Amino acid sequence: MFTMVNGLQNYSEQAIQAARYIGQGFVVTLDHMNRLPMTIQYPYEKLIPSERFRGRIHFEFDKCIACEVCVRVCPINLPVVDWKLRKNKRKKQLKSYSIDFGVCIFCGNCVEYCPTNCLSMTEEYELSIYDRHELNYDQIALGRLPISVIEDYAIHTIPSLTHLAKGVMEGHSNSRSITKFVD
């Protein structure tokens, strides 16, 4: 009889604990029902990348001194620097520079260690194409400045979704901006 009462007591404790877990899950569900959706419709709306976003690399040909620091600090030795030595000035002259973004891991080491700041990260992230060989950018393609999402005339900021309400989600900044294409 004592074991049956003990078993019934254990069963009731487990049932109460299960009901608590279900109640906690239900509270989380009710909390999320009051929030606005976080989803954006990507091709028509775009998030503005953060200040430290590491997008496509921009290259300025005139500033480069062909020191090859970018190649040495790259974990995969990706940038291809072609130069010739000018004997009359005893100085390197850059002939060509290219980066294959199909292989690049966007770590930013080349940008950080460049002594002349001829490399910089842009906010361009739409690099998808159908042929992977088109991701090999030469100095002309690397020198092209991307259109900023903020300055793009085809989209505008949605004012009602420029930032999250305080306390909605911890760990995110309140400066999150969403943009939408103008029809």
Quiz item: Between Phe2 and Leu127, what is the label-to-label distance in nm when each label sits 7 Å out along the Cα-to-Cβ direction?
Solution: 7.3 nm
Quiz item: Hey, what do the phi angles of the range 131-136 turn into as Karplus ³J(HN,Hα) couplings, whole Hz, using 6.51/-1.76/1.60 and θ = phi - 60°, x for Gly and Pro?
Solution: 10, 5, 6, 6, 7, 7
Practice problem: At 0.36 nm per residue, minus the direct Cα-Cα distance, what do Asn77 and Arg20 gain on full extension? Give it in nm, one decimal, please. | Solution: 15.0 nm
Exercise. On a C-alpha basis, how far is the centre of the range 71-102 from the centre of the range 1-37 in Å? Whole number, if you could?
Key: 65 Å
Quiz prompt | Probe 1.4 Å - accessible area at Thr122, Å² to nearest ten | solution = 20 Å²
Quiz item: Measuring with a 1.4 Å probe in the full set of protein chains, what accessible area per residue, in whole Å², belongs to the range 21-119?
Solution: 71 Å²
Quiz item: Once amide H atoms are placed 1.01 Å from N in the peptide plane, what residues at a sequence separation of 5 or more from His58, or on another chain, have their amide H within under 5 Å of its amide H?
Solution: Ser120, Met121, Thr122
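The values are calculated or read from the model by the stated rules, or taken from the named source; none is laboratory data. Everything numeric in this text was worked out from a predicted model, so none of it was measured. Please note: Cβ atoms are built from the backbone with ideal geometry, for glycine as well, and neighbour counts cover all protein chains shown. Surface accessibility is based on the protein's heavy atoms, side chains included, excluding ligands, DNA and RNA. Shrake-Rupley method; radii C 1.70, N 1.55, O 1.52, S 1.80 Å.
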